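Novice: My structure is below; once you've seen it, I'll send some questions.
The values are calculated or read from the model by the stated rules, or taken from the named source; none is laboratory data. Keep in mind that what you see is a predicted model, and the values were worked out from it rather than measured. Every residue, glycine as well, gets a Cβ built from its backbone with ideal geometry; the counts of neighbours run over all protein chains shown.
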Amino acid sequence: MRQLPALPAAAATLLAGRAASSFLAVLPRADQDEALRDPANRLLAHLAGEIPPIAQLTACWRVLAQAGLDGEEPPDLATLQIVEHLWSFATAAEALLVQGGDDRLSLDPVTGQNRYLCTPWPQPDVISFSSCTASSISAGALKAAEAARRSLFAAALAAPADAVLAAASTRITAELLTHFGVEAGAEAVLAASGTDATLLLTGLFAAERPRETITTILMSPAETGSGVPEAVQGRHFAPCTAAGIAVEKGGAVDGFPPGLSLASVALRTSDGLPRRAEEIAGDCEAAIEAAIARGHAVLHAIDGSKTGMAAPGLLALDLLAERYRGRLGIVIDACQLRVEPQTVRLYLERGWPVLVTGSKFFGAPGFCGAILFPRARLRRIAGAGRLPDGLGAYTNVGDGSVSRRCPGLLLRWSAALAEMRRFATLSARDVAGRIDSAGAHARAAMMRHNCVQLIPAPRPRRGAWSHRPSVLTFAVRGPDGLLSAAALRPLYLALAGDLSGRLPGRSDAASRMVAAQRCLLGQPVQLGGPGIGGLRVAFSAAQVAGGDDLRPALSAVFGKLALILQQGLA
């Protein structure tokens with residue numbers, strides 16, 4: 001084993017305090033208030049953010065040194081330089097997991113949850129079928145993230161920070177490519193989220209065709225990320241970027257061509273039912289014809305939408321690619337990653353970039369995206385032109401190259417890869433059987449309640465298990481018919497909360513237990529027309545790999561849903 005340089009005692013003391021205080025900073029306010037009753041903790045809170053001035057560092061060291069470290073010398077200039085170098089790597093894993101994203105990743109100071117009601121630590125008391133939106137990290141994935149943080153820290157003892165992050169990024173992208181079996185012909189470019197990856201991909205296309213008007217054709221924007229329509233038009237999709245830079249949401253990103261435009265093809269009818277594959281393919285053809293009349297068309301096919309749909313199918317895509325060769329680009333949105341590696345290989349072999357995330361099916365914390373890009377094509381783009389300057393607010397851009405080496409992103413991908421390795425040990429037959437079983441249990445639980453209506457989501461029949469629905473969407477009946485996505489939002493939040501204190505005083509113990517159980521589902525999504533919305537039960541890779549009996553949890557979810565509607569608790 002390589003001998004690592006010794007860390008001065010004073011530096012080790014300060015960095016240990018830094019790790020503890022950064023963990024304290026992400027806890028819910030009640031837990032923080034309890035800890036901050038100790039005056040020492042109030043002083044050490046200065047270590048939670050950016051490295052403080054020397055005077056504060058020295059004062060914090062004195063408090064920490066009182067723990068009985070006899071003979072420890074105060075930090076000198078050389079020691080403080082070491083502390084500065086290692087500062088970000090001494091951040092608690094839970095704190096790093098929420099860094100390097102936009103406001104969607106920020107934690108509510110009272111609850112310690114992000115806007116998806118998830119935390120950077122496990123929530124074993126929450127019934128969670130929310131992986132189509134976001135998940136709290138599992139215990140095993142958190143262990144993998146902490147191991148990655150320790151590895152970064154150890155490497156930083158002997159190397160510059162940029163080199164450490166670059167090496168870690170290379171290891172992660174290599175394992176990601178190996179998972180899909182595409183290491184010989186593709187590159188993986190990490191991005192903060194699927195939407196960030198979409199914006200970056202739009203920038204790559206703009207560099208590839210700098211003098212053409214590009215129209216992007218999306219499959220039902222409501223079925224993909226909410227910021228994707230802005231991203232494909234080269235616009236800011238949030239008020240703050242993953243690099244922490246404030247921007248104008250909806251404003252143009254510097255350097256993107258002004259002619260970027262958007263068209264869309266509906267996946268569902270106005271009453272929420274799936275449209276026939278031939279109709280979708282026909283609308284895609286019409287949209288492509290209109291787009292190429294103005295310039296170049298880019299079709300964003302989707303393999304795993306918010307509600308589990310896939311369109312157009314591979315045969316239809318092959319026909320379109322052949323018919324419009326040279327005038328049509330194809331992208332595969334596989335951000336849910338509910339798809340076999342061999343299917344991803346088929347896409348890449350055709351020269352089509354694939355958007356993926358580790359934070360949906362594989363359950364890593366949110367903001368864990370990547371583009372899988374055919375290597376030869378990516379290198380041609382890099383050599384052909386300059387990427388839009390405004391991408392520098394999202395990722396590192398220079399000389400036609402891109403990189404994303406944020407410690408938080410690397411830890412999130414480390415968590416995802418741990419779940420991917422575990423899932424890869426299962427046979428395709430086992431995966432298919434377990435998804436079928438989980439789906440049957442979910443449908444049985446829904447059928448026991450008249451307030452629930454299952455919404456179908458057919459997929460093209462290819463692959464060993466991806467056509468099995470691991471996302472089940474359902475509508476909810478209210479007094480005046482099926483509820484809209486907006487009307488489902490209070491119901492979604494009520495399911496996620498402890499409602500036992502809101503039941504009437506005469507309620508029995510069993511009802512209070514049902515009301516107290518926190519249940520997290522996929523967020524409400526619009527189905528077809530604006531009047532119909534759906535909630536989603538999504539099975540994660542960890543749930544499939546675990547093979548546990550999900551019937552009690554599913555019964556609890558729909559039992560609580562019925563109770564909320566009966567008691568008017570939403």
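Novice: Can you confirm whether segment 81-104 contains a residue that is crowded, with 19+ Cβ neighbours inside 10 Å and farther than 30 Å from residue 196 by Cα?
Specialist: Yes: one or more hits.
Novice: Here is a check on your reading of the model: is residue 515 buried (at least 21 other Cβ atoms within 10 Å of the Cβ), in contact with a Gly (Cβ under 7 Å, 6 or more places away or on another chain) and farther than 18 Å from residue 481 by Cβ? Working first, answer last.
Specialist: Working: buried (at least 21 other Cβ atoms within 10 Å of the Cβ): yes; in contact with a Gly (Cβ under 7 Å, 6 or more places away or on another chain): no; farther than 18 Å from residue 481 by Cβ: yes.
Judged against the criteria, residue 515 is not a match.
Novice: Could you check segment 368-398 and list, in sequence order, the residues that are within 26 Å of residue 345 (Cβ to Cβ) and aromatic (Phe, Trp, Tyr)? First the steps, then the outcome.
Specialist: Of segment 368-398, the ones within 26 Å of residue 345 (Cβ to Cβ) are 368-384, 395.
Listed by number, the list holds a single entry, 373.
Novice: Further, regarding this structure: Considering segment 256-270 alone, what residues qualify as being part of a loop (DSSP other than H, G, I, E, B), among the small types (Gly, Ala, Ser) and either over 25 Å from the mean Cα position of the chain (by Cα) or farther than 18 Å from residue 218 by Cβ (or both)? Spell out the reasoning first.
Specialist: Within segment 256-270, the first condition is being part of a loop (DSSP other than H, G, I, E, B), and the residues that meet it are 256-260, 266-267, 269-270.
From what's left, among the small types (Gly, Ala, Ser): 259, 266, 270.
Of everything in segment 256-270, those that are part of a loop (DSSP other than H, G, I, E, B), among the small types (Gly, Ala, Ser) and either over 25 Å from the mean Cα position of the chain (by Cα) or farther than 18 Å from residue 218 by Cβ (or both) turn out to be 259, 270.
Novice: Determine which member of the set 268, 211 is basic (Lys, Arg) and touching a residue at least 12 places away in the same chain (Cβ under 8 Å).
Specialist: Details: 211 fails: touching a residue at least 12 places away in the same chain (Cβ under 8 Å).
None of the other options fit; the residue is 268.
Novice: Within segment 419-436, how many residues turn out to be crowded, with 16+ Cβ neighbours inside 10 Å and either at pLDDT below 95 or assigned to a helix (DSSP H, G or I) (or both)?
Specialist: Selection size over segment 419-436: 9.
Novice: Right, next: Examine segment 521-540 for a residue that is in contact (Cβ under 8 Å) with a residue 60 or more places away in the chain, farther than 22 Å from residue 359 by Cβ and of a type in the set (S, T, N, Q), and state whether such a residue exists.
Specialist: no
Novice: Here is a check on your reading of the model: is residue 547 within 29 Å of residue 365 (Cβ to Cβ) and surrounded by fewer than 19 Cβ atoms within 10 Å (Cβ to Cβ)?
Specialist: Details: within 29 Å of residue 365 (Cβ to Cβ): yes; surrounded by fewer than 19 Cβ atoms within 10 Å (Cβ to Cβ): yes.
Criteria met by residue 547.
Novice: If residue 181 satisfies every condition in (1) surrounded by 22 or more Cβ atoms within 10 Å (Cβ to Cβ); (2) on the phi > 0 side of the Ramachandran plot; (3) not aliphatic (A, V, I, L, M) but one, which is the exception?
Specialist: Result: residue 181 fails condition (1) only.
Novice: Which condition from (1) touching a residue at least 12 places away in the same chain (Cβ under 8 Å); (2) more than 23 Å from the chain's Cα centre (by Cα) is the one that residue 365 breaks?
Specialist: Residue 365 satisfies every listed condition except (2).
Novice: For residue 192, indicate whether it is more than 29 Å from residue 411 (Cβ to Cβ) and within 24 Å of the chain's Cα centre (by Cα). Lay out the reasoning, then the answer.
Specialist: Numbers: more than 29 Å from residue 411 (Cβ to Cβ): no; within 24 Å of the chain's Cα centre (by Cα): yes.
Taking the combined requirement at face value, the residue does not satisfy it.
Novice: Provide a single number: the residues in segment 169-217 that are under 30 Å from residue 280 (Cβ atoms), part of a helix (DSSP H, G or I) and not aliphatic (A, V, I, L, M).
Specialist: 10
Novice: Continuing with the same structure: So which of 193, 264, 220 ends up being farther than 24 Å from residue 101 by Cβ and crowded, with 22+ Cβ neighbours inside 10 Å?
Specialist: Details: 193 fails: farther than 24 Å from residue 101 by Cβ; 264 fails: crowded, with 22+ Cβ neighbours inside 10 Å.
After ruling out the rest, the residue left standing is 220.
Novice: Okay, next question. Of everything in segment 479-527, what is in contact with a Cys (Cβ under 7 Å, 6 or more places away or on another chain) and assigned to a helix (DSSP H, G or I)? Give them in sequence order. Break it down stepwise before answering.
Specialist: So in segment 479-527, the residues in contact with a Cys (Cβ under 7 Å, 6 or more places away or on another chain) come out as 495-496, 522.
Passing the criteria: 495, 496.
Here's the yes/no breakdown for (1) buried (at least 23 other Cβ atoms within 10 Å of the Cβ); (2) assigned to a strand (DSSP E or B); (3) in contact (Cβ under 8 Å) with a residue 24 or more places away in the chain:
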{"site": "249", "(1), (2), (3)": "no, no, no"}
{"site": "254", "(1), (2), (3)": "no, no, yes"}
{"site": "272", "(1), (2), (3)": "no, no, yes"}
{"site": "282", "(1), (2), (3)": "no, no, no"}
{"site": "288", "(1), (2), (3)": "no, no, yes"}
{"site": "302", "(1), (2), (3)": "yes, yes, yes"}
{"site": "308", "(1), (2), (3)": "yes, no, yes"}
{"site": "321", "(1), (2), (3)": "no, no, yes"}
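Novice: Follow-up. Please state which one of 457, 442 is part of a loop (DSSP other than H, G, I, E, B), in contact with a strand residue (DSSP E or B) (Cβ under 9 Å, 6 or more places away or on another chain) and surrounded by 20 or more Cβ atoms within 10 Å (Cβ to Cβ). Outline the logic, then answer.
Specialist: On the way: 442 fails: part of a loop (DSSP other than H, G, I, E, B).
Criteria check complete, one pass: 457.
Novice: For segment 42-58, does any single residue satisfy the condition of being under 29 Å from the mean Cα position of the chain (by Cα), loosely packed, with under 15 Cβ neighbours inside 10 Å and at pLDDT 85 or above?
Specialist: Yes.
Novice: Of the residues that sit in segment 461-497 and are of a type in the set (Val, Ile, Thr) and within 25 Å of the chain's Cα centre (by Cα), which one is surrounded by the most Cβ atoms within 10 Å (Cβ to Cβ)? Steps first, please.
Specialist: To start, the set of residues in segment 461-497 that are of a type in the set (Val, Ile, Thr) comprises 471, 473, 476.
Subset that is within 25 Å of the chain's Cα centre (by Cα): 471, 473.
Details: 471: 24, 473: 26.
Top of the filtered list is 473.
Novice: Moving on to the next point. May I ask you to say which residue of 39, 52 is over 30 Å from residue 336 (Cα atoms) and in contact with a His (Cβ under 7 Å, 6 or more places away or on another chain)? Lay out the reasoning, then the answer.
Specialist: Numbers: 39 fails: in contact with a His (Cβ under 7 Å, 6 or more places away or on another chain).
Result: 52 is the single residue among 39, 52 that is over 30 Å from residue 336 (Cα atoms) and in contact with a His (Cβ under 7 Å, 6 or more places away or on another chain).
Novice: Residue 387 passes all but one of (1) within 17 Å of the chain's Cα centre (by Cα); (2) in a loop (DSSP other than H, G, I, E, B); (3) farther than 25 Å from residue 467 by Cα; which number fails?
Specialist: (1)
Novice: While we're looking at this one, here's another question. When you look at residue 115, is it touching a helix residue (DSSP H, G or I) at 6+ places or on another chain (Cβ under 9 Å) and free of Cβ contacts under 8 Å to residues at least 24 places away in the same chain, yes or no?
Specialist: Values: touching a helix residue (DSSP H, G or I) at 6+ places or on another chain (Cβ under 9 Å): yes; free of Cβ contacts under 8 Å to residues at least 24 places away in the same chain: yes.
Yes: the conditions hold for residue 115.
Novice: A further question follows. Restricting attention to segment 353-364, does a residue exist that is in a loop (DSSP other than H, G, I, E, B) and surrounded by fewer than 16 Cβ atoms within 10 Å (Cβ to Cβ)?
Specialist: Taking segment 353-364 and keeping what is in a loop (DSSP other than H, G, I, E, B), we get 353, 358-364.
Now drop any that are not surrounded by fewer than 16 Cβ atoms within 10 Å (Cβ to Cβ), which leaves none.
Within segment 353-364, none of the residues are in a loop (DSSP other than H, G, I, E, B) and surrounded by fewer than 16 Cβ atoms within 10 Å (Cβ to Cβ).
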